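Asker: Below you will find the structure I want to go over with you.
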Amino acid sequence: MPGRFSTTPLRVLAARHQVVGIVDGIPRRADLFYRWGLSARALNLWMWSQSYLAPYRKLRTGQDPGLVSWLAERKPDVLCVANFPHLLPPAVFERWPTLNLHPSLLPRWRGAYPWFWMYHAMDAEGGWTVHRIDAGEDTGPILAQESYPVPLGSTVTELGDRTLEQGGNLFADVLDHPREATPQPAQKLPRARRPRPGEKFVDWDEWPTRRVYHFLRGVCPLWVRELDLGPLFEPEFTGFDEQPSGLAPGRFGRHGGRRFVACRDGRVFFKQRLRLG
């Protein structure tokens, strides 16, 4: 799937190993422009394949009947997966060693949106996991993990700038230095599901100001629109304090010319900016 969660590991791996083919997973909910390659984002991995002179294939479902024969023609030693939206069938991962780079410390936050839920839970630590793919969703045995701190109020973009190279290097290190796999614990943990459109996540009456600020600045408006500023504007979160505002949690106010949203024990400040998408 296009984006830095795919292309950064690809670039790091390509610096050490030959890329014999690129499979681009098309999300089930992709719009028609994306699905049929009519946008710049949809062409992202195709352009990378041209730079590596590597065959390219779109995959709209993990059960694509032509996938196994296409892979067999490429003769890969190992399949490397990063930010892929489909589960692969046993015919693939039982024939070739198939490794996945997952952006969490498994088994915590299995699923497609681990960073969203990491911010929602205000985890102080995140990490990368390289694991073998099996029939489950991010359930295969672990080959390597590395952690990193999640600074208070860092955005997902800032966190990506700091850590994506780390994930790519961990992936490449596993290929360079094979290691024993460790089965994941069997306990059932919350899944990192996709946020639903219009869904709200902040518990205004319970969350302390620091948690509200960390979540809002981290993931809004990229994945959710927690504050309603109308159809034309969205918030840019600029800071917080822990001074009670006298307003009910979740209400808007002003202090010293600055806009804020009230929390149970403080205020989260924001600027209003034009919504671009």
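The values are calculated or read from the model by the stated rules, or taken from the named source; none is laboratory data. In this text, all values refer to a predicted model and were calculated from it rather than measured experimentally. Note that we place each Cβ from the backbone using ideal geometry, even for glycine, and neighbour counts take in every protein chain shown. The accessibility values were calculated without ligands, DNA or RNA, using every heavy atom of the protein model including side chains. Shrake-Rupley method; radii C 1.70, N 1.55, O 1.52, S 1.80 Å.
Asker: Out of curiosity, is residue 216 in contact with a Gly (Cβ under 7 Å, 6 or more places away or on another chain) and surrounded by 12 or more Cβ atoms within 10 Å (Cβ to Cβ)? Before the answer, list the steps.
Answerer: Working: in contact with a Gly (Cβ under 7 Å, 6 or more places away or on another chain): no; surrounded by 12 or more Cβ atoms within 10 Å (Cβ to Cβ): yes.
No; evaluated as a whole, the condition is false for this residue.
Asker: For segment 267-277: of the residues being in a strand (DSSP E or B) and over 11 Å from residue 239 (Cα atoms), which is most open to solvent (accessible area, probe 1.4 Å)?
Answerer: Of the residues in segment 267-277, the ones in a strand (DSSP E or B) are 267-274.
Imposing the further condition that a residue be over 11 Å from residue 239 (Cα atoms) reduces the set to 272-274.
Values: 272: 75, 273: 87, 274: 105 Å².
The qualifying residue most open to solvent (accessible area, probe 1.4 Å) is 274.
Asker: Now for a separate question. Take the residues of segment 28-42 that are open to solvent by 50 Å² or more (accessible area, probe 1.4 Å) and among the aromatic types (Phe, Trp, Tyr): which is modelled with the highest pLDDT? If you could, list the steps in order and put the result at the bottom.
Answerer: If we filter segment 28-42 for residues that are open to solvent by 50 Å² or more (accessible area, probe 1.4 Å), which is where we start, we get 28-29, 31-33, 36, 38, 40-41.
Retained after the next criterion (residues that are among the aromatic types (Phe, Trp, Tyr)): 33, 36.
Details: 33: 50, 36: 54.
Looking at residues that are open to solvent by 50 Å² or more (accessible area, probe 1.4 Å) and among the aromatic types (Phe, Trp, Tyr), I get 36.
Asker: Which members of segment 43-77 meet the condition of being over 16 Å from residue 15 (Cα atoms), modelled with pLDDT of 95 or more and aliphatic (A, V, I, L, M)?
Answerer: Hits for segment 43-77 are 67, 68, 71, 72.
Asker: Anything in segment 219-260 that is part of a strand (DSSP E or B), aromatic (Phe, Trp, Tyr) and either surrounded by fewer than 13 Cβ atoms within 10 Å (Cβ to Cβ) or at pLDDT below 95 (or both)? List them, or say none. Step through it out loud before you land on a result.
Answerer: Looking only at segment 219-260, we keep the residues that are part of a strand (DSSP E or B), and these are 233-241, 252-255, 258-260.
Imposing the further condition that a residue be aromatic (Phe, Trp, Tyr) reduces the set to 233, 237, 240, 252, 260.
233 - this is the single residue of segment 219-260 that is part of a strand (DSSP E or B), aromatic (Phe, Trp, Tyr) and either surrounded by fewer than 13 Cβ atoms within 10 Å (Cβ to Cβ) or at pLDDT below 95 (or both).
Asker: Pairs only if they're at least six apart or on different chains, beta carbon under 6 angstrom, first in segment 45-72 and open to solvent by less than 20 Å² (accessible area, probe 1.4 Å), second of a type outside the set (Val, Ile, Thr) and in a strand (DSSP E or B); list them, first residue then second.
Answerer: 45/24; 49/56; 59/25
Asker: If you check residue 97 against the conditions, is it touching a residue at least 24 places away in the same chain (Cβ under 8 Å), farther than 21 Å from residue 190 by Cβ, surrounded by fewer than 16 Cβ atoms within 10 Å (Cβ to Cβ) and in contact with a strand residue (DSSP E or B) (Cβ under 8 Å, 6 or more places away or on another chain)?
Answerer: Details: touching a residue at least 24 places away in the same chain (Cβ under 8 Å): yes; farther than 21 Å from residue 190 by Cβ: yes; surrounded by fewer than 16 Cβ atoms within 10 Å (Cβ to Cβ): yes; in contact with a strand residue (DSSP E or B) (Cβ under 8 Å, 6 or more places away or on another chain): yes.
Yes, satisfied.
Asker: While we're looking at this one, here's another question. Testing residue 198 on (1) small (Gly, Ala, Ser); (2) under 25 Å from the mean Cα position of the chain (by Cα); (3) not in a loop (DSSP other than H, G, I, E, B), one condition comes back false. Which one is that?
Answerer: So residue 198 meets the others, but not (3).
Asker: Report whether or not residue 112 is small (Gly, Ala, Ser), touching a residue at least 24 places away in the same chain (Cβ under 8 Å), in contact with a helix residue (DSSP H, G or I) (Cβ under 9 Å, 6 or more places away or on another chain) and under 20 Å from residue 4 (Cβ atoms).
Answerer: Details: small (Gly, Ala, Ser): yes; touching a residue at least 24 places away in the same chain (Cβ under 8 Å): yes; in contact with a helix residue (DSSP H, G or I) (Cβ under 9 Å, 6 or more places away or on another chain): no; under 20 Å from residue 4 (Cβ atoms): yes.
Taking the combined requirement at face value, the residue does not satisfy it.
Asker: I've got another one for you. Count, please, the residues in segment 153-181 that happen to be open to solvent by 80 Å² or more (accessible area, probe 1.4 Å) and outside any helix (DSSP H, G or I).
Answerer: Adding up the residues that qualify gives 4.
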